[in-house]
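Taken together, the values in this text are just the output of simple stated rules run on the coordinates, not laboratory data. Everything quoted here is computed from the prediction, not taken from an experiment. Positions of Cβ are backbone-derived with ideal geometry, glycine not excepted, and every protein chain shown enters the neighbour counts.
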Amino acid sequence: MRQPLFGLLLFSLLGSSLLLGEDKKPPSRLVIQTTAGDVNYDHAGHAKREMNACLICHPRLFTRDRKAPIEFSSPHKKREDAKASCGACHRADGAAFASEGNCTNNKCHVKGS
Ligand code: HEC
Ligand code: HEC
């Protein structure tokens, strides 16, 4: 009786940690490459601002995989209106600045990179 239960417990622990990507370390910074120039995404800063409440972004907005598409490609306005991806916060009346007017003023896209 005990062994199947133990197996189930082991599976659920390992299985869920793999599914949630808990084997991976949270990145300190991510460089998102785009045709308009790289975006330096301060993951540590973003997590800290949200008081390390990872659930605010994972998995609803972002899967937890640096190779996964961010899905915030232009026109950003469309994604901002949908409150999706980065636009969940970065939009007019959102918790953070909207993309409009902030393309290259050292906030998002770094020119020449
Ligand atoms: C403000 C949003 C936000 C918050 C809060 C956040 N993350 Fe992330 N995280 C991202 C984004 C964006 C990515 C990259 C794209 C993706 O995962 O789809 C990412 C990727 C990751 C990855 C994948 C790294 C890799 O090498 O593939 C891990 C692990 C991760 N985050 C862990 C965490 C943990 C742990 C917390 C809480 C302490 C956290 N994140 C909070 C936005 C966030
Ligand atoms: C949970 C809300 C939230 C999400 C989601 C989010 N941000 Fe932010 N972001 C903020 C806040 C809050 C600030 C700081 C306030 C401000 O400057 O308006 C900020 C600031 C920034 C900055 C300025 C530098 C810094 O880190 O202070 C950049 C660049 C940035 N975010 C990019 C992104 C990108 C790219 C995404 C999507 C991958 C994203 N953010 C998703 C809340 C968020």
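Summary table below
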quantity	calculated
Cα gyration tensor of the stretch 26-110 - equivalent ellipsoid semi-axes, whole Å, descending	18, 15, 13
Two-site label geometry, ALA98 and HIS58: point separation in nm, points 7 Å out along Cα→Cβ	3.1 nm
Contact order normalised by residue count of the stretch 26-110, Cα under 8 Å, 6+ apart, percent	23 percent
Within straight-line cross-link reach of LYS67, aspartates and glutamates at Cα separation under 12 Å, skipping those fewer than 8 residues along the same chain	none
Pairwise FRET efficiency - ASP23 versus LYS83, Cβ, R0 = 25 Å, nearest 0.05	0.25
Cα→Cβ-extended label distance, 7 Å offset, between MET51 and LYS111, nm	4.0 nm
Pairs from LYS48/LYS111; LYS25/LYS77; LYS24/LYS48 whose Cα-Cα separation, in the structure shown, is over 29 Å	LYS25/LYS77
